[in-house]
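What follows is one structure encoded as structure tokens, with my remarks underneath.
The values are calculated or read from the model by the stated rules, or taken from the named source; none is laboratory data. Not measured: the values here are computed from a predicted model. Cβ placement follows ideal geometry from the backbone for every residue including glycine, while neighbour counts extend to all protein chains displayed. Surface areas here come from the heavy atoms of the whole protein model, side chains and all, with no ligands, DNA or RNA. Shrake-Rupley method; radii C 1.70, N 1.55, O 1.52, S 1.80 Å.
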Amino acid sequence: MNTRKVRVRFAPSPTGPLHIGGVRTALYNFLFARKHGGKFILRIEDTDQTRFVPGAEEYIIESFKWCGIQFDEGVTTGGPYGPYRQSERKAMYRKYAEMLLESGNAYYAFDTSEELSELRKLFEKKKKTFTYNAFERKQLKNSLALSKQEVDELFEKKTPYVIRFKMPENEIIIMNDLIREKVEVNTSTLDDKILFKSDGMPTYHLANVVDDHLMEISHVIRGEEWLPSLPLHVLLYKAFGWDTPEFAHLPLLLKPDGNGKLSKRDGDRLGFPVFPLQWKDPKTGEISTGYREDGYFPEAFVNMLALLGWNPGDERELFIMEELIEAFSIERVGKSGSRFDPEKAKWFNHQYLIRKSDEELADLFSPILKEKGIETSIETIIRIISLVKERVAFVHELWDQSYFFFIRPEDYDPKTVKKRWKTDSYEHISRIKELLADIDDFSSENIEKIVKAWIEENELGMGAVMNALRLVIVGALKGPHLFSIIELIGKNETLARIENGLKVLGKKETG
RNA sequence: GCACCGUUCGUCUAGCCAGGUCAGGACGCCAGGUUUUCAUCCUGGUAACACGGGUUCAAAUCCCGUACGGUGUACCA
């Protein structure tokens with residue numbers, strides 16, 4: 001490893017919402033930077049004007065803010081290496097392309113996109129692949145094949161041109177990757193990539209290498225989809241005479257089922273988000289849900305992503321950001337793609353939820369209650385949450401576990417009625433009603449003591465009586481400790497519910 | 001097609017570099033326990049070294065091949 005100051009970057013293209021794979025790449029960069037006391041930079045790679053999507057950059061920035069991933073330099077914060085948006089750096093790239101032209105590492109090419117795609121089709125018919133390489137470039141329209149006079153003529157006629165990298169022939173390039181170790185490739189299998197487009201913009205390859213150098217990036221940590229262009233990048237550094245940074249190519253996130261990498265479609269199909277935040281497509285108006293909107297805590301989301309492809313080497317699974325920074329190392333990132341598992345994502349959220357204080361959860365749950373038209377004190381909400389929070393993975397699921405604290409049952413689960421409302425249930429519950437009416441200390445413990453004593457005195461089955469009582473109080477056989485519910489809803493409500501239950505359920509005739 | 005990368009329970013993974021473990025953990029699933037119910041929780045169980053060769057006393061671990069999968073192959077990033 002080199003001993004340079006650690007400077008890493010995340011360099012998204014603002015072509016849409018950030019996919020969770022991208023978030024993970026950024027996260028690993030962030031963790032790596034923090035771990036080594038380095039800097040983390042956000043650079044926007046918007047060299048393709050045709051694919052620019054309004055709102056995408058803002059979306060990316062907001063996503064990281066939500067995740068707690070902070071940048072030390074970049075479009076948001078500025079910094080000494082700016083500008084951090086490639087469209088604003090446009091003027092400088094040409095110079096670098098020319099340096100390559102002068103050193104003989106690049107050349108002009110005048111072939112049009114149409115001509116090239118014709119060629120590709122032609123080759124395909126012959127079951128071959130067209131590659132713009134050392135062999136083919138001799139018969140194409142470029143400054144290597146054409147005479148100086150022909151080239152000058154083309155320039156005079158203002159013929160559009162691109163600048164291509166002159167890929168050397170039959171050289172073995174040996175590269176090192178922090179995750180994959182040695183990677184070898186023969187340059188003859190590569191092509192003369194375009195570095196500079198006819199619209200005056202650099203392609204990714206040129207802009208990326210130039211900016212990484214200028215911004216003194218020490219480690220390039222990016223997705224595995226870039227591994228095939230690593231030799232080009234290494235050759236580019238060499239052609240410029242620059243030191244190469246260290247490289248680490250992260251494995252991809254795969255679909256939960258079937259083959260291939262995780263895509264937006266999988267989320268729609270299987271019902272889980274693939275984006276951190278909700279995204280509305282500005283063109284179609286289509287809305288894709290996000291982890292934030294689905295009720296995930298950012299800590300849980302980050303924790304889940306961190307463990308997808310990386311592990312600490314011991315058996316810990318729950319990490320807050322500080323702990324991730326402490327434990328992270330690029331060497332412990334796996335080599336193979338990870339299937340995304342929505343079930344485990346929920347489990348992580350559950351873990352974070354049960355660790356939150358009742359007060360904090362109450363603050364989050366209050367607006368949901370308000371929306372349902374429930375008016376109650378925050379103290380009550382806190383007490384209810386303490387009773388039910390272990391049962392849920394998301395704040396919004398709290399309602400399903402607690403609505404009966406607020407709403408008197410109107411109907412009773414028919415299956416339970418059939419099974420638990422027995423011949424003498426009416427009698428028993430009527431007696432309990434009288435019993436409860438006389439209790440002054442309406443605490444869970446006291447009520448429980450009295451009711452249980454009564455059941456024992458009368459030698460009745462605990463299950464039979466308690467289930468019937470639960471049925472009239474809750475409306476179904478579910479929920480936390482029954483006496484806690486009774487205490488919370490209070491004496492008046494309890495008696496009213498029992499009365500209503502008796503009225504609706506009535507006496508069951510012996511059948 | 002070609003190039004590169006990869007392959008341990010259904011899933012995330014430990015173990016591989018420095019060969020010797022009943023191949024460990026977590027999610028899920030199943031069973032039992034706890035409980036007045038449901039859920040939680042606890043305990044237990046389920047289940048994997050892609051295949052074939054080699055090297056070796058000994059291979060998940062080292063080597064070779066095959067299969068399968070992924071990515072790339074744009075004037076996209």
Next on the checklist: Tell me the residue from A:SER188, A:SER198, A:SER229 that is surrounded by fewer than 17 Cβ atoms within 10 Å (Cβ to Cβ), more than 27 Å from the chain's Cα centre (by Cα) and part of a helix (DSSP H, G or I), please.
Outcome noted: A:SER188
Checklist outcome for this item: Counted residues in the range A:27-50 being within 13 Å of RNA strand B (Cβ to nearest atom), part of a helix (DSSP H, G or I) and in contact with a helix residue (DSSP H, G or I) (Cβ under 9 Å, 6 or more places away or on another chain) come to 2
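If you check A:PHE123, A:PHE155, which single one turns out to be farther than 19 Å from A:LEU235 by Cα and under 43 Å from the mean Cα position of the chain (by Cα)?
Working: A:PHE155 fails: under 43 Å from the mean Cα position of the chain (by Cα).
Only one candidate qualifies: A:PHE123.
Do you know which residues across the range A:436-456 are within 17 Å of A:ILE485 (Cα to Cα), without any contact (Cβ under 8 Å) to a residue 60 or more places away in the chain and among the aliphatic types (A, V, I, L, M)?
Pass one, the range A:436-456, residues within 17 Å of A:ILE485 (Cα to Cα): A:436-437, A:439-452.
Still in the running and without any contact (Cβ under 8 Å) to a residue 60 or more places away in the chain: A:437, A:439-452.
Listed by number, the residues that qualify are A:ALA437, A:ILE439, A:ILE447, A:ILE450, A:VAL451.
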Next on the checklist: Quick test of your reading of the structure: A:GLU459 fulfils all but one of (1) outside any helix (DSSP H, G or I); (2) touching a residue at least 24 places away in the same chain (Cβ under 8 Å); (3) not aromatic (Phe, Trp, Tyr). Name the failing condition by number.
Outcome noted: (2)
Checklist entry - Any residue in the range A:269-283 that is open to solvent by less than 10 Å² (accessible area, probe 1.4 Å), under 27 Å from A:ARG332 (Cβ atoms) and within 9 Å of RNA strand B (Cβ to nearest atom)? => result no
Checklist entry - Only one of A:VAL451, A:VAL417, A:VAL465, A:VAL504 is part of a helix (DSSP H, G or I) and within 30 Å of A:ILE378 (Cβ to Cβ); which? => result A:VAL451
Next on the checklist: Checking the structure you have, find out if any residue of the range A:161-170 is of a type in the set (Ser, Thr, Tyr), more than 8 Å from RNA strand B (Cβ to nearest atom) and touching a residue at least 40 places away in the same chain (Cβ under 8 Å).
Outcome noted: no
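Out of A:SER430, A:SER444, A:SER425, report the one residue that is of a type in the set (S, T, N, Q) and closer than 24 Å to A:ILE384 by Cβ.
Criteria check complete, one pass: A:SER444.
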Item to check | Where A:TRP421 falls short, out of the listed (1) of a type in the set (A, V, I, L, M, F, W, C); (2) away from RNA strand B (no atom under 13 Å from the Cβ); (3) open to solvent by 20 Å² or more (accessible area, probe 1.4 Å) | outcome: (3)
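Scan the range A:78-85 and give yes if some residue there is open to solvent by less than 20 Å² (accessible area, probe 1.4 Å) and touching a strand residue (DSSP E or B) at 6+ places or on another chain (Cβ under 9 Å), otherwise no. So that I can check it myself, show each step before the final result.
Pass one, the range A:78-85, residues open to solvent by less than 20 Å² (accessible area, probe 1.4 Å): A:84.
Adding the requirement that they be touching a strand residue (DSSP E or B) at 6+ places or on another chain (Cβ under 9 Å) leaves A:84.
Taking every residue of the range A:78-85 in turn, at least one turns out to be open to solvent by less than 20 Å² (accessible area, probe 1.4 Å) and touching a strand residue (DSSP E or B) at 6+ places or on another chain (Cβ under 9 Å).
Conditions tested, residue by residue: (1) more than 23 Å from A:ASP199 (Cα to Cα); (2) outside any loop (DSSP other than H, G, I, E, B).
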{"site": "A:MET99", "(1), (2)": "no, yes"}
{"site": "A:GLY104", "(1), (2)": "no, no"}
{"site": "A:TYR108", "(1), (2)": "no, yes"}
{"site": "A:ASP111", "(1), (2)": "no, no"}
{"site": "A:GLU115", "(1), (2)": "no, yes"}
{"site": "A:ARG120", "(1), (2)": "no, yes"}
{"site": "A:PHE123", "(1), (2)": "yes, yes"}
{"site": "A:PHE130", "(1), (2)": "yes, no"}
Checklist entry - Any residue in the range A:388-400 that is basic (Lys, Arg), open to solvent by 90 Å² or more (accessible area, probe 1.4 Å) and not in a helix (DSSP H, G or I)? => result no
Checklist outcome for this item: A:GLU487: passes all of (1) in a helix (DSSP H, G or I); (2) more than 14 Å from RNA strand B (Cβ to nearest atom); (3) of a type in the set (D, E, K, R) but (2)
Checklist entry - What residue, among those in the range A:377-412 that are free of Cβ contacts under 8 Å to residues at least 40 places away in the same chain and among the aliphatic types (A, V, I, L, M), is farthest from RNA strand B (Cβ to nearest atom)? => result A:ILE378
